[in-house]
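K.L.:
Below is the structure I would like to discuss, written out as structure tokens.
Just so you know, all these numbers are worked out from the coordinates, no wet-lab data involved. On a predicted model such as this, the values are computed, not experimentally measured, just so you know. Methodologically, a virtual Cβ is constructed for each residue, glycine included, from the backbone with ideal geometry; neighbour enumeration extends over all protein chains shown.
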Amino acid sequence: MKINEKYHGVVVPMVTPITKEGNIDTEAVERIINNFARNNVSALIMGTTGEGNSVSTKQGTEMIKAASKAAAGRITIYAGLAGNCIGEQMEAARLFVEAGADVIAATLPSYYALTPEQMYKYYKDLADSLSVPLMLYNITITTHMSIPLDIIERLSHHPNIVGLKDSENNLERMEEALRMFADRDDFAYFCGCAANSAHALKLGADGIVPSVGNFMPKAYNDLFEAGINGDEATAERLQQETIRVGKINTTGLTLGQSLAGLKVIMKEYGLCETYMLPPLTELDDETAERIRKEIKEYI
């Protein structure tokens, strides 16, 4: 089974820990990164789970510096890039790289509906401008667009584009993508829909990107290892366990509320506080207490 040697494994879309005053909680960043490194999982800073669109460039730079310092080369630091002003994105990417990001993972600008050729040009121009590798990041739930697989295939041959994180919950698309990319040594496929992790690994995915990995990194590293080593029974058992846990902070909640619920769980693990960046807010007391009660059996 082919695994991209450089870009593979579990990449956790890390929460953005915030202080009561709305600043980056760098001590919490250090705790979370150390927990990741102990369990052999890398970090995606400022992805959707990390409230990426709400993090300023200044805050993002501070967070990447803290994460890179804590990682000390033990794990890969992926920096999420999101926004609609291309000039500002280019400058943010430059600052993130200076701060220690190893890879930039960029979503589509999403204010306007883009044609496939506009999507291609955006990523090509970004890849041309970066001094570190670029990972394509397809997430229809927030951009409301899907990057066509033929566009991804064209981009996959760019020397500075190293992979795809695909968070579109579409099994048919995932299976087709893995038929296209599973045997490529120069282009990695990361499954961003955590519930499909075991199936993706069975089909040849290089990595998985699970938000539950914020507080259960070992379970996902074990799932990954089982998946790439052909232990389908263990991979499926861990898949079902992590799906059950993941429902604790998602069932009946919006995406934004589920992220607030994830921080409630993170606080129970002693990793960060529950503060959110606007426009998102903390959960109401009743919902937060329900989550705390349900997670106790896993701590």
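K.L.:
Just need the Rg to Rh number for the stretch 114-221, please, alpha carbons only, Kirkwood Rh.
P.N.:
Numbers: Rg = 13.8 Å, Rh = 14.3 Å.
Taking Rg over the Kirkwood Rh, I get 0.96.
K.L.:
Right, another one. As a check on your grasp of the helix formula, calculate [θ] at 222 nm for the chain: sum -39500 (n - 2.57) over DSSP H runs of n ≥ 4, divide by the residue count, round to the nearest 500. Working shown, then result.
P.N.:
Working: 12 runs with 136 residues, N = 299.
-14000 deg cm²/dmol, from helical runs alone.
K.L.:
Return the loop-located chymotrypsin sites (Phe, Trp or Tyr not before Pro) in the stretch 90-185 (DSSP other than H, G, I, E, B) with at most 11 other Cβ atoms within 10 Å of their own Cβ; answer none if there are none.
P.N.:
Counting only loop positions with at most 11 other Cβ atoms within 10 Å, the chymotrypsin sites (Phe, Trp or Tyr not before Pro) in the stretch 90-185 are Tyr111, Tyr112.
K.L.:
Between the alpha-carbon centers of the stretch 1-43 and the stretch 100-126, tell me the distance in whole angstrom.
P.N.:
23 Å
K.L.:
What percentage of all Cα-Cα pairs in the stretch 41-92 are separated by more than 16 Å?
P.N.:
I get 39 percent for the Cα pairs in the stretch 41-92 exceeding 16 Å.
K.L.:
Over its Cα atoms, what ratio of radius of gyration to 2.2 N^0.38 Å does the stretch 172-299 give?
P.N.:
Working it through for the stretch 172-299, the quotient is 1.17.
K.L.:
Once phi is turned into ³J(HN,Hα) by the Karplus curve 6.51 cos²θ - 1.76 cosθ + 1.60 with θ = phi - 60°, what whole-Hz value does each residue of the stretch 170-181 show in order, with x for glycine and proline?
P.N.:
In residue order, the calculated couplings are 9, 4, 4, 5, 4, 5, 5, 4, 6, 5, 7, 10 Hz.
K.L.:
Plugging the Kirkwood radius over Cα pairs into Stokes-Einstein for the chain, at a temperature of 25 °C and a viscosity of 0.890 mPa s, what D comes out in µm²/s?
P.N.:
Translational D for this selection: 129 µm²/s.
K.L.:
Over the alpha-carbon set of the stretch 1-111, divide Rg by the Kirkwood Rh and report the Rg/Rh ratio to two decimals.
P.N.:
That ratio is 0.96, to two decimals.
K.L.:
Now a separate question. Semi-axes, largest first, in whole Å: what does sqrt of 5 times each Cα gyration tensor eigenvalue give for the stretch 68-180? Please report the intermediate quantities before stating the final value.
P.N.:
Working: eigenvalues 106, 57, 35 Å².
They are 23, 17, 13 Å, listed from largest to smallest.
K.L.:
Work through the residues other than Arg237 whose Cβ is under 15 Å from its Cβ and net out their charges, Lys, Arg +1 and Asp, Glu -1. The partial results should precede the final answer.
P.N.:
Values: positive: Lys202, Lys218, Arg244; negative: Asp222, Glu225, Asp231, Glu232, Glu236, Glu241.
With Lys, Arg at +1 and Asp, Glu at -1, the net is -3.
K.L.:
How long is the gain from Glu88 to Glu297 if the chain were fully straight, where each residue apart is worth 0.36 nm and the alpha carbon distance is subtracted? All intermediate terms of the calculation are to be shown ahead of the outcome.
P.N.:
Numbers: separation 209, 0.36 × 209 = 75.24 nm, distance 4.45 nm.
Extending this stretch completely gives an extra 70.8 nm.
K.L.:
Over the chain, what is the mean sequence separation of C-alpha contacts under 8 Å (at least six apart), divided by residue count, expressed as relative contact order in percent?
P.N.:
It comes to 19 percent, rounded to a whole number.
K.L.:
At a Förster radius of 45 Å, what calculated FRET efficiency corresponds to the Cβ-Cβ distance of Arg173 and Lys69, to the nearest 0.05? Don't jump to the answer; show the numbers that get you there.
P.N.:
Values: r = 38 Å, r/R0 = 0.84.
With a Förster radius of 45 Å, E is 0.75.
K.L.:
Kindly write out, for the stretch 256-263 in residue order, the coupling ³J(HN,Hα) from the Karplus curve 6.51 cos²θ - 1.76 cosθ + 1.60 (θ = phi - 60°), rounded to whole Hz, with x marking Gly and Pro.
P.N.:
x, 5, 5, 5, 5, x, 4, 5
K.L.:
With respect to the cross-link table entries Lys124/Lys165; Lys20/Lys165; Lys202/Lys263; Lys165/Lys267; Lys247/Lys267; Lys20/Lys267, which display a Cα-Cα separation exceeding 22 Å?
P.N.:
Lys20/Lys165; Lys202/Lys263; Lys165/Lys267
K.L.:
Order of 156-165, 125-134 by packing, highest average Cβ count within 10 Å first?
P.N.:
Working: 156-165: 19.2, 125-134: 16.9.
In decreasing order of mean packing, 156-165, 125-134 become 156-165, 125-134.
K.L.:
I want the local charge near Lys20. Using Cβ-Cβ distances under 14 Å, sum +1 for each Lys or Arg and -1 for each Asp or Glu among the other residues.
P.N.:
Result for the local shell: -3.
K.L.:
Sticking with this one: Through the Karplus equation 6.51 cos²θ - 1.76 cosθ + 1.60, θ set to phi - 60°, convert the phi angles of the stretch 132-138 into ³J(HN,Hα) values in whole Hz; use x for Gly and Pro.
P.N.:
10, x, 10, 10, 6, 9, 9
K.L.:
Give me P(r) over the stretch 1-53, computed from all C-alpha to C-alpha distances, binned every 10 Å, as integer percentages.
P.N.:
Pairs per bin, as whole percents: 23, 46, 23, 6, 1.
K.L.:
I'd like the FRET efficiency for Asn229 and His157, computed as 1/(1 + (r/R0)^6) with the beta carbon distance as r and R0 of 25 Å, rounded to 0.05.
P.N.:
The formula returns an efficiency of 0.25 here.
K.L.:
Follow-up. Could you list which residues have their amide H under 5 Å from that of Gly163, counting only those 5 or more apart in sequence or on another chain, with H placed in the peptide plane?
P.N.:
For Gly163, whose amide H was placed from the backbone, the distant partners under 5 Å are Leu136, Ala188.
K.L.:
Report, by chain and number, residues whose modeled amide H sits under 5 Å from the one on Ala105, excluding near sequence neighbours (fewer than 5 apart, same chain).
P.N.:
Ala79, Gly80, Leu81, Met135
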